[in-house]
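S.K.: Questions regarding the structure given below will be posed in turn.
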Amino acid sequence: APMLILNFSHPLTENQLARAAELAAQPVDAVFTIPVQFDTTLPFAPQVEELVNRIPLTPRQLQTEPILVVLPALNFIAALLLADLHGRMGYFPAVLRLRPVPGSTPPAFEAAEILNLQQIRENARTTRRLDENQSD
């Protein structure tokens, strides 16, 4: 099935979209760019909730459609956004990582990889110590 991209960053170029489709091995059906403008003097959690409420997808679509997320640059917003999306989707979404193109002028970015956060979480769970007799 074609995937949807939720973009909380700069507009994506045709090359970035083509590479994202290649990395995901599926076509991109739609890109939803949701501008991120936060007031740093106010708490971030309510602002993230309002941000996610602006995603033009139904709760059913968030839970069933293949979705790729481009995170905002500010780490605090990205962390809260992932927590909120996990709650609404029931799993961690995959994230498209962009990287600078070496030597590009003006600065350019390319799609580098897809980070499967849910798989990373599941892999990390296998390292959790279950034997309480083990020392830290």
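The values are calculated or read from the model by the stated rules, or taken from the named source; none is laboratory data. Bear in mind that the values here come from a model prediction, so they are computed numbers and not experimental data. Here Cβ is always computed from backbone atoms with ideal geometry, including for glycine, and neighbour counts include all displayed protein chains. Note: areas computed on protein heavy atoms with side chains; ligands, DNA, RNA excluded. Shrake-Rupley method; radii C 1.70, N 1.55, O 1.52, S 1.80 Å.
S.K.: Name the one entry in Leu12, Leu23 that is closer than 21 Å to Ile120 by Cβ and of a type in the set (A, V, I, L, M).
M.R.: Values: Leu12 fails: closer than 21 Å to Ile120 by Cβ.
Sole residue among the options that is closer than 21 Å to Ile120 by Cβ and of a type in the set (A, V, I, L, M): Leu23.
S.K.: Among what's in segment 104-127 and is of a type in the set (S, T, N, Q) and either open to solvent by 60 Å² or more (accessible area, probe 1.4 Å) or assigned to a helix (DSSP H, G or I) (or both), pick the residue that is modelled with the highest pLDDT. Working first, answer last.
M.R.: Step one: list which residues in segment 104-127 are of a type in the set (S, T, N, Q), which gives 104-105, 116, 118-119, 123, 126-127.
Adding the requirement that they be either open to solvent by 60 Å² or more (accessible area, probe 1.4 Å) or assigned to a helix (DSSP H, G or I) (or both) leaves 105, 116, 118-119, 123, 126-127.
Values: Thr105: 93, Asn116: 97, Gln118: 94, Gln119: 94, Asn123: 92, Thr126: 89, Thr127: 87.
Filtering first and then ranking leaves Asn116.
S.K.: Out of (1) open to solvent by less than 80 Å² (accessible area, probe 1.4 Å); (2) in contact with a Gly (Cβ under 8 Å, 6 or more places away or on another chain), what's the single condition that is false for Pro93?
M.R.: If we test Pro93 against (1) open to solvent by less than 80 Å² (accessible area, probe 1.4 Å); (2) in contact with a Gly (Cβ under 8 Å, 6 or more places away or on another chain), just (2) comes out false.
S.K.: Would you confirm, using the coordinates I've provided, whether Leu68 is among the hydrophobic types (A, V, I, L, M, F, W, C), touching a residue at least 24 places away in the same chain (Cβ under 8 Å), touching a helix residue (DSSP H, G or I) at 6+ places or on another chain (Cβ under 9 Å) and closer than 19 Å to Glu14 by Cα? Give the derivation first.
M.R.: Working: among the hydrophobic types (A, V, I, L, M, F, W, C): yes; touching a residue at least 24 places away in the same chain (Cβ under 8 Å): yes; touching a helix residue (DSSP H, G or I) at 6+ places or on another chain (Cβ under 9 Å): yes; closer than 19 Å to Glu14 by Cα: yes.
For Leu68, the condition - among the hydrophobic types (A, V, I, L, M, F, W, C), touching a residue at least 24 places away in the same chain (Cβ under 8 Å), touching a helix residue (DSSP H, G or I) at 6+ places or on another chain (Cβ under 9 Å) and closer than 19 Å to Glu14 by Cα - is met.
S.K.: Something else now. Give just the number: which of (1) open to solvent by 50 Å² or more (accessible area, probe 1.4 Å); (2) more than 16 Å from Glu49 (Cα to Cα); (3) not acidic (Asp, Glu) does Ala83 not satisfy?
M.R.: (2)
S.K.: Which members of segment 49-74 meet the condition of being more than 19 Å from Leu96 (Cβ to Cβ) and either open to solvent by less than 80 Å² (accessible area, probe 1.4 Å) or hydrophobic (A, V, I, L, M, F, W, C) (or both)?
M.R.: Of everything in segment 49-74, just one residue is more than 19 Å from Leu96 (Cβ to Cβ) and either open to solvent by less than 80 Å² (accessible area, probe 1.4 Å) or hydrophobic (A, V, I, L, M, F, W, C) (or both), namely Thr58.
S.K.: State whether the residues of segment 8-31 include one that is open to solvent by less than 20 Å² (accessible area, probe 1.4 Å), in contact (Cβ under 8 Å) with a residue 60 or more places away in the chain, under 13 Å from the mean Cα position of the chain (by Cα) and under 21 Å from Leu117 (Cβ atoms). Break it down into steps so the answer makes sense when it comes.
M.R.: So the first thing to find is which residues in segment 8-31 are open to solvent by less than 20 Å² (accessible area, probe 1.4 Å), and the list is 8, 16, 20.
Subset that is in contact (Cβ under 8 Å) with a residue 60 or more places away in the chain: 8, 16, 20.
Among the residues that remain, those that are also under 13 Å from the mean Cα position of the chain (by Cα) are: 8, 20.
Among the residues that remain, those that are also under 21 Å from Leu117 (Cβ atoms) are: 8, 20.
Scanning segment 8-31, I find at least one residue that is open to solvent by less than 20 Å² (accessible area, probe 1.4 Å), in contact (Cβ under 8 Å) with a residue 60 or more places away in the chain, under 13 Å from the mean Cα position of the chain (by Cα) and under 21 Å from Leu117 (Cβ atoms), so the answer is yes.
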